[in-house]
Amino acid sequence: MAEIGVRWLEPERDVGKRTFVKLTDLICDRSKDLPSGTVVKAKWRSTGRVYKATLLNNLIAKINRKQSSSQRQPAVLRTPNESKPDSDDDMPLAYQSVTAEKVQHECPHVKELKDKIVMLEETVASMATELKAMRKDNQELKNTLSEVNTNNTQQFLTILEAITQSHDTARETQNLMKSRVAAEEKAQEEQRNLLNNNGKRIQPAFGLVENGLVTCHKNGRKLISVEREIYRRMFDDSKTGTSFLRKLMKCTFSEEELAESNFSGGSVISAIGTTVKKCLDRDRIMAILGQVELEFPNSTKAANFTRMRDAINQECRRVVQHVRQDAV
């Protein structure tokens with residue numbers, strides 16, 4: 001069925017859209033020739049609604065076949081021996097009218113096909129332009145992504161290099177500290193060996209501050225006297241302040257006193273039950289400690305007191321265990 005190209009003027013969403021419509025869907029006067037650009041009404045194929053549109057091609061008037069047939073002249077009969085005229089001028093008038101009518105009816109179809117071809121060529125050109133623009137955008141996007149990847153890689157390498165340098169610096173610092181500590185330890189060892197070879201001894205973190213006898217008094221009554229040699233022997237045999245203090249307590253108090261008491265006194269919960277402990281004589285403890293400068297490395301005054309208290313309580317527990325073993 002014959003069709004013609006139109007450009008729609010409505011509805012609003014399809015303004016400017018080009019399509020082909022059937023000639024039977026045009027609502028216009030078909031008895032007259034309509035040039036391209038003429039505003040007509042046509043049916044929208046999918047919905048059947050009527051909208052305004054402009055013709056993209058010339059519309060030739062519809063010929064009334066009854067009138068044309070009545071105007072035809074009777075055909076001329078020819079015998080088989082008669083030859084066909086060489087030109088249209090030599091043809092009978094009836095034959096010429098039929099040929100003209102046929103050509104007049106075929107021209108619109110050819111024109112419509114040409115218009116369709118033109119529209120398709122325009123569509124292809126438009127799609128080619130869009131495709132070219134899309135390829136250009138795609139290339140720009142690839143370039144952008146390449147730049148971003150390059151920048152990210154460069155930043156990652158920079159950060160990795162900074163981390164490596166920081167790690168190397170930390171390792172060098174650690175090696176320097178280890179070397180310094182090793183050098184200090186070596187220097188101390190050499191000094192210790194030198195003094196020992198000269199008959200001297202390096203004092204540890206605890207020591208004696210007074211020579212002679214150490215006498216503990218309470219209420220004017222003499223309780224105990226410790227000679228300097230006993231101090232010196234305990235001092236020489238001790239490697240830590242805790243062991244030296246425990247030896248002092250063992251020298252100052254008897255085993256019975258240590259087994260029945262501790263530094264603070266009170267109830268003590270053990271595996272065999274609850275035991276009430278006496279408090280060791282503070283005057284005797286302070287008297288014996290008053291002759292000693294006892295310091296624990298890397299400890300405050302409160303920490304020194306705590307460590308001395310723990311050392312005394314450890315000695316008391318050790319004596320209790322020893323007494324129980326002897327009893328068994």
note = Those residues of the stretch 294-322 which are at pLDDT below 75 and either touching a helix residue (DSSP H, G or I) at 6+ places or on another chain (Cβ under 9 Å) or surrounded by 13 or more Cβ atoms within 10 Å (Cβ to Cβ) (or both) amount to 294, 295, 296, 297, 299, 304
request  = Count, please, the residues in the stretch 24-63 that happen to be assigned to a loop (DSSP other than H, G, I, E, B) and of a type in the set (Phe, Trp, Tyr).
outcome  = 1
Failed item in (1) of a type outside the set (Val, Ile, Thr); (2) farther than 19 Å from residue 116 by Cα; (3) surrounded by 11 or more Cβ atoms within 10 Å (Cβ to Cβ); (4) over 53 Å from the mean Cα position of the chain (by Cα), with residue 8 passing the rest = (2)
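The values are calculated or read from the model by the stated rules, or taken from the named source; none is laboratory data. Note that the coordinates shown come from a computational prediction; the quantities given were computed from them, not determined experimentally. Neighbour counts run over all protein chains shown; Cβ positions are idealised from the backbone, glycine included.
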